[in-house]
Amino acid sequence: MGVLAVKRVYDPPARDDGFRVLVDRLWPRGLTKQDAALDLWAKDLAPSPDLRRDFNHRPERFAEFTHHYRGELSRNPAVAAFRAELQRPKVTLLYGAHDREHNHALVLADFLKKAGLPKAARKKPAPKKKAKKTVRKAAKVTKPKAKAKKHRA
């Protein structure tokens, strides 16, 4: 995976933005397609309309929003399809919200970075346990039982 950046769509495009992807479900107000200079509009990566309305860009709801949005992303087939774009040298996720610290593009970028790592690298290593000394008990030797004699009558 190359570099993954996050930027407001209203900020002027830069040469070093790389592949520019708008990740909002709604088109940003007052912005023309030419001014946005997009390479892709990935509205399927945006939060569901209900989740977006519940969050309503309120910072005190960001932790809960993040939890629910990550759940949506883990079940979203568009995420798997978008992984091919992450092979580019640089991808910039664009969003329209005013708040640069509490927005869905940051959650998406974090999710994509963690999802791009192999499973072994995502998990924290388990603390090393001390090796237990095992004492083997001597196998109990048993003698085969003597066959019972048959009495004939």
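Quick note: the coordinates plus some simple rules give every number you see, no bench work behind them. What you are looking at is a predicted structure, and each value in this text was computed from that prediction instead of being measured. When we count neighbours, we look across all protein chains shown, and the Cβ atoms used for this are built from the backbone with ideal geometry, even at glycine.
Here is how the numbers come out for the structure above:
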read-out: Filter result (surrounded by 14 or more Cβ atoms within 10 Å (Cβ to Cβ) and within 16 Å of residue 52 (Cβ to Cβ)) within segment 10-29; value: 22, 23, 24, 25, 27, 28
read-out: Subset of segment 75-92 [closer than 11 Å to residue 23 by Cβ and loosely packed, with under 15 Cβ neighbours inside 10 Å]; value: 78
read-out: Wholly enclosed strands (runs of 3 or more DSSP E) of segment 1-116 bearing at least 1 residues among the hydroxyl-bearing types (Ser, Thr, Tyr); value: 90-95
read-out: Some residue of segment 99-109 being free of Cβ contacts under 8 Å to residues at least 12 places away in the same chain and exposed (fewer than 13 other Cβ atoms within 10 Å of the Cβ); value: no
